[in-house]
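Inspection log for the structure reproduced underneath, given as structure tokens.
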Amino acid sequence: MGPLRVLSVFLDFILVCFMFAQCGARDLDSSYVTCGSLVKLMNTRHSVRLHSHDVKYGSGSGQQSVTGVDSADDANSYWRIRGKPDKACQRGEPIRCGQPIRITHMKTGRNLHSHHFSSPLSNHQEVSAFGENGEGDDLDVWTVQCSDTYWERDDTVRFKHVATEVFLSITGEQYGQPIRGQREVHGMPSPNQHNYWKVMEGVFIQPSSDPVRHDEL
């Protein structure tokens, strides 16, 4: 068993333990995606999960690439939901529809990012992973586009990039080596069927029992 598979199995074990620990104390917040949660996000049109890895783009910004993968158990597809740089959210707090957030890649600590570079395959707007140890810049901020007050776990949602107003999207283009078969992730200027996402596997952080405790996620 390779190291990534071992990590994936370990995370799934932690998730199961977490779920059993919570089932005796579920409350209204249990149906929401919350600040600090660690999740996988699936594009509902193409059934691939948002993914990143320490592979740089060979064109455009040269930053860490972001792709879509078919595998449901790849450890490089976990992302942490965090507050924007100048406004930390409270750990376990439900994420509101329209709230600005950062989406941080668990394995590399870089944030989902976009900017005015062309993506390598479709020539839409490039989406990359940027920063170090979870800290990047204002181009790491996205808003959650959903239909109710809070982002519910069963919702299909869109992510709109605050600075450039594109939507996180996949239209099906596939890479060759060294990431053969992975799909290009990019930004598109308008909402459509290619930019719907849904939370799949994850660890959902519950509100702290101490109401004054805050974590700067």
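Things worth noting here:
- Number of the condition not met by N76 [criteria: (1) in a helix (DSSP H, G or I); (2) modelled with pLDDT under 90]: (2)
- Annotation note: of G131, G136, G187, G172, the sole residue that is buried (at least 17 other Cβ atoms within 10 Å of the Cβ) and at positive phi is G131.
- Residue within segment 29-42 that is more than 16 Å from the chain's Cα centre (by Cα) and at pLDDT 90 or above present: yes
- Qualifying positions in segment 97-119 - in contact with a His (Cβ under 9 Å, 6 or more places away or on another chain) and open to solvent by 40 Å² or more (accessible area, probe 1.4 Å): K107, S118
- Qualifying residue in segment 89-96 (condition: buried (at least 19 other Cβ atoms within 10 Å of the Cβ), of a type in the set (D, E) and within 22 Å of R183 (Cα to Cα)): no
- Residues in segment 172-202 that are over 11 Å from V48 (Cα atoms) and modelled with pLDDT of 95 or more: 15 in all.
- Tally, over segment 139-151, of residues that are closer than 22 Å to M106 by Cβ and over 13 Å from the mean Cα position of the chain (by Cα): 2
The values are calculated or read from the model by the stated rules, or taken from the named source; none is laboratory data. Since the structure is predicted, the reported quantities are computational estimates derived from the model, not experimental observations. Backbone-built Cβ (ideal geometry, glycine too); neighbour counts: all protein chains shown. With ligands, DNA and RNA removed, areas are computed over all heavy atoms of the protein, side chains included. Shrake-Rupley method; radii C 1.70, N 1.55, O 1.52, S 1.80 Å.
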